[in-house]
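Taking it in order: structure first as structure tokens, then the write-up.
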Amino acid sequence: MSEKIEVRKGLVGVYADESSISKVMPETNSLTYRGYAVQDLCEEASFDETAYLLWNGELPNRSQLSAFQAEEKANRALSPALLRVLRDFPQDAHPMDAIRTAVSFMGMEDPDTADVSEPAQRRKAMRLLAKIPVAVAAAHRLSKGEEPIAPDASLPFCENFFHMVFGKVPQKEVIRAFDVSMILYAEHTFNASTFTARTITSTMADMHGAITGGIAALKGPLHGGANEAVMHMLKEIPSPEAAGEWIKDKFEHKALVMGFGHRVYKNGDSRVPTMKKYAELMAEVVGDKRWMITSAVLADIMLRQKNIHPNLDFPAGPAYYLMGFDIPLFTPIFVCSRITGWAAHVIEQGADNRLIRPLSLYTGPEQRNVVPIDQR
Ligand code: ACO
């Protein structure tokens, strides 16, 4: 009986539902959001426009975009209670744990938490998009013993994030590279964190619960945590010339090389060429090419010896480092972007919901009698 049941460990190759949000085409290494190629969005649109697209199905016109941006700016402020909670976090808390807890707390304060109707879900999505970067920046500064910097409503989304982290806005090339990374990180079908968010939503639990779960799933180094792991790895390699020996040791120990491989793409991640171009631009702007040189050596060896391609986290890690971000902020930045995709999926799941509840193939002992405790 049990031989006939096929278990797809890791749900490899399983279509769990339909979705109209994004499409991954591994055969052509391409990715579309609502029908638009992601690299075209990077060149022709902004992260704000992409967020609007993911939530509304169409790109905004100028007045729709202005209204969307105004709403985002109007929702940035954190409550005094949340700011107090952020101050009470352990100083060495990982920023992913801080933002996970902050989002959970926001759920307790949100007037629409219990309302899972679509208009209420959209209002909550906007509040999360606006508040998550503020909480990420505030928690990070507090962890370094610095005072949070309040959001500046005169600044667009990306500029405001740099303002809140560093107290200043960098040159436009840096903002552009950051904006591109945010577009590329925004959405990617049924990845682990998105599927987690959909699973939570399928029980008719609230959006903040779904996003809190998504953040928890994203932290893992096999998923979003890889962008931090990539930079730790690059820093471990003393020079580009040492990369060959370093990777040989990884192969001998059957260790993972972070930022490589992907469950869906086997011939290259659609997002890598665009992110790599902007990471190289950052290296030029900053005048420090060593990370990109070492990256190129690693990518060449991985392809020649293992036939494994880099994923988005591989160029995103050094790009964020070159922008000046501390490594523990890399995955929280991913959260600031992916909230758009997660929320789109929470709304889509809720609109045509069926409880997600797969089966497990039991491999434990046959049914047996319970022996009373004195006889065991
Ligand atoms: N380094 C070394 N070997 C690897 C790597 C890697 N990064 N990735 C895959 N392999 C190996 C596997 O060990 C496996 O070897 P085996 O056949 O000898 O057992 C083989 O390649 C095939 O692996 P897959 O079955 O294709 O891997 P899977 O789909 O289960 O996992 C994953 C995909 C988790 C992304 C994996 O490639 C990995 O761990 N990569 C490193 C972490 C990482 O970069 N994650 C970011 C993902 S993208 C994102 O979240 C934005």
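Observations on the structure shown:
- Among the residues examined, Pro95 does not qualify as buried (at least 17 other Cβ atoms within 10 Å of the Cβ) and out of contact with any His (no Cβ under 8 Å at 6 or more places or on another chain).
- Within region 231-251, residues that are among the charged types (D, E, K, R) have Cβ atoms under 6 Å from residues that are outside any helix (DSSP H, G or I) and within 15 Å of the ligand (Cβ to nearest atom) in these pairs: Lys250/Val257, counting only partners at least 6 apart in sequence or on another chain.
- Among residues of region 306-332 being within 15 Å of Pro221 (Cα to Cα) and of a type in the set (A, V, I, L, M, F, W, C), the one that is surrounded by the fewest Cβ atoms within 10 Å (Cβ to Cβ) is Ile327.
- Residue satisfying condition, being among the β-branched types (Val, Ile, Thr), surrounded by 13 or more Cβ atoms within 10 Å (Cβ to Cβ) and either at pLDDT 95 or above or under 28 Å from Phe190 (Cβ atoms) (or both), within set Val24, Val12: Val24
- Residues in region 290-323 that are at positive phi and small (Gly, Ala, Ser): none.
To keep it simple, each residue is scored yes or no on (1) under 22 Å from Ala316 (Cβ atoms); (2) β-branched (Val, Ile, Thr); (3) touching a residue at least 60 places away in the same chain (Cβ under 8 Å).
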{"position": "Pro133", "(1), (2), (3)": "yes, no, yes"}
{"position": "Pro151", "(1), (2), (3)": "no, no, yes"}
{"position": "Gly167", "(1), (2), (3)": "no, no, no"}
{"position": "Val174", "(1), (2), (3)": "yes, yes, yes"}
{"position": "Asp179", "(1), (2), (3)": "yes, no, yes"}
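- Qualifying residue in region 284-307 (condition: touching a Gly at 6+ places or on another chain (Cβ under 8 Å) and either in the same structural domain as Leu31 (by TED's automatic domain parsing) or within 14 Å of the ligand (Cβ to nearest atom) (or both)): yes
- Residue in region 201-224 that is closer than 23 Å to Asp97 by Cβ, acidic (Asp, Glu) and touching a residue at least 60 places away in the same chain (Cβ under 8 Å) present: yes
- Any hit, region 8-21, residues being aliphatic (A, V, I, L, M), more than 16 Å from the ligand (Cβ to nearest atom), not assigned by TED's automatic domain parsing to the domain that holds Lys266 and not in a loop (DSSP other than H, G, I, E, B): no
- Filter result for Met231 (within 10 Å of the ligand (Cβ to nearest atom), at pLDDT 95 or above, closer than 25 Å to Val174 by Cα and surrounded by 20 or more Cβ atoms within 10 Å (Cβ to Cβ)): no
- Any hit, region 192-207, residues being buried (at least 22 other Cβ atoms within 10 Å of the Cβ), basic (Lys, Arg) and either under 21 Å from Val85 (Cα atoms) or away from the ligand (no atom under 14 Å from the Cβ) (or both): yes
- Here the helices (runs of 4 or more DSSP H) wholly within region 30-107 that include at least 3 residues being charged (D, E, K, R) are 38-44, 62-74, 80-88.
- Matching residues, region 151-195, being part of a loop (DSSP other than H, G, I, E, B), farther than 20 Å from Ser30 by Cα and small (Gly, Ala, Ser): Ala153, Ser154, Gly167
- Matching option when the condition is farther than 16 Å from Val335 by Cβ and not β-branched (Val, Ile, Thr), among Met108, Met96: Met108
The values are calculated or read from the model by the stated rules, or taken from the named source; none is laboratory data. Quick caveat, the model's predicted, so the values are computed rather than measured. All Cβ positions, glycine included, derive from the backbone under ideal geometry; neighbour counts span all protein chains shown.
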